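Each remark here refers to the structure printed beneath this line.
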Amino acid sequence: MASSTAVEVEAGDRSVRVSSPDRVVFPDLGFTKLDVVKYFLAVGDGILGALLDRPTTLERWPKGVFEGAVMATRTDSHGDAFYQKRVPKGAPDYVTTARIAFPSGRTADEVAPSELAVVAWAAQMGTLTFHPWPVRRDDVEAVDQLRIDLDPQPGTDFDDAVTAALALRGLLEELGLTGYPKTSGGRGLHVFVPLAPRWTFVQARRATIAVGRELERRMPDQVTTRWWKEERGERIFVDYNQMARDRTIASAYSLRPNRRATVSTPLEWDEVAHVHPDDFTLATVPERFAARGDLFAALRADRDPAHDCSLDAALELARRDEEEHGLGDLPYPPEYPKMPGEPRRVQPSRAKDRSTAD
């Protein structure tokens, strides 16, 4: 049974209250809420660097991670875990926010961490995974990170994602882009690129599509940009829609809600082919972080801009795809309104069925 005696932890210059510190969050491993809070404090400079001044959705698991747990959805709000997109009522006065706009046009004031105490406070509320936007709160329309999600499809695994990531590294370099890899905490890999913050979401998504298509041309049997699952096959999917507005990726140093308590962990390129996602957990990452520091420091909001990259070459690739190969836009996520230049958002098999019926 969880203890009812709250404890105080030091987070930067503040003391944060942790209620029910003995509540078990990861039953298979015995990790408690206090263990989770202490983990985030141990990687404090890294997790704060990943979130600093960025509008951030909180993925909260207040009951812990257990077999049969259900995530609430847009259509069914009943669940054991949920995404918190608006700052909770009663948040401490040191919790800073940023106003963001959803594709629907609605707005929300979302948590935008400015200090480590905000991370500890969120963890005390059951947050395991932080989902920051690729923008800063002083200009929520200016994308300053390109995020490429290499998502293994059924029949593929982490090793296949590694093969794609290593090829992607070379492609990015050809386009004048410096990629920084991390594990997703699951079976995939993420590659982030620091950008001079003057790009729109439409430009960043278009550049991601162009990069994905070029990688697909070079590795047609291993990589796909096909949006519809029925068309992807046993290939690594470059999820270009993760660069669409209001679509986010788990931050570096976030915990993932699985039985192994894995962590989305930054890597050096020379170790990508020699690791496994299960190497990086709540138990192992603090020691690694103490020894190696923040491998994603080049992506912080307060970074030195000397290494920021331009999307000009990637957008030129997109232009050539359109003008020389007739390759225009691809489908947006289902909750989006119809976007300019977007193709029909109809599953191919259903489109064929309709054609036959006509």
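The values are calculated or read from the model by the stated rules, or taken from the named source; none is laboratory data. On a predicted model such as this, the values are computed, not experimentally measured, just so you know. Cβ atoms come from the backbone with ideal geometry, glycine included; neighbour counts cover every protein chain shown. Calculation scope for accessible area: heavy atoms of the full protein, side chains included, ligands and nucleic acids excluded. Shrake-Rupley method; radii C 1.70, N 1.55, O 1.52, S 1.80 Å.
Structural remarks
- Among the residues making up the range 86-114, those that are open to solvent by 50 Å² or more (accessible area, probe 1.4 Å), touching a Lys or Arg at 6+ places or on another chain (Cβ under 8 Å) and over 16 Å from THR127 (Cβ atoms) are THR107, ASP109.
- Selection within the range 320-334 - on the phi < 0 side of the Ramachandran plot and open to solvent by less than 80 Å² (accessible area, probe 1.4 Å): ASP321, LEU327, GLY328, ASP329, LEU330, PRO331, TYR332, PRO333
- On inspection, PRO337 passes the criterion of being assigned to a loop (DSSP other than H, G, I, E, B), open to solvent by less than 90 Å² (accessible area, probe 1.4 Å), within 30 Å of PHE102 (Cα to Cα) and at pLDDT below 95.
- Scanning the range 150-172 for residues that are touching an Asp or Glu at 6+ places or on another chain (Cβ under 9 Å) and open to solvent by 20 Å² or more (accessible area, probe 1.4 Å), we see that the one that is nearest to LYS229 (Cα to Cα) is PRO154.
- ARG247 fulfils the conditions (1) outside any loop (DSSP other than H, G, I, E, B); (2) surrounded by 22 or more Cβ atoms within 10 Å (Cβ to Cβ) except for a single criterion, (1).
- Of the listed requirements (1) open to solvent by 50 Å² or more (accessible area, probe 1.4 Å); (2) touching a residue at least 60 places away in the same chain (Cβ under 8 Å); (3) under 16 Å from the mean Cα position of the chain (by Cα), TYR83 misses just one: (2).
- Looking across the range 20-74, the residues that are over 21 Å from GLU110 (Cβ atoms), surrounded by fewer than 21 Cβ atoms within 10 Å (Cβ to Cβ) and β-branched (Val, Ile, Thr) come down to VAL24, THR32, VAL70.
- In summary, strands (runs of 3 or more DSSP E) completely within the range 92-154 and bearing 2 or more residues that are small (Gly, Ala, Ser) occur at 97-101.
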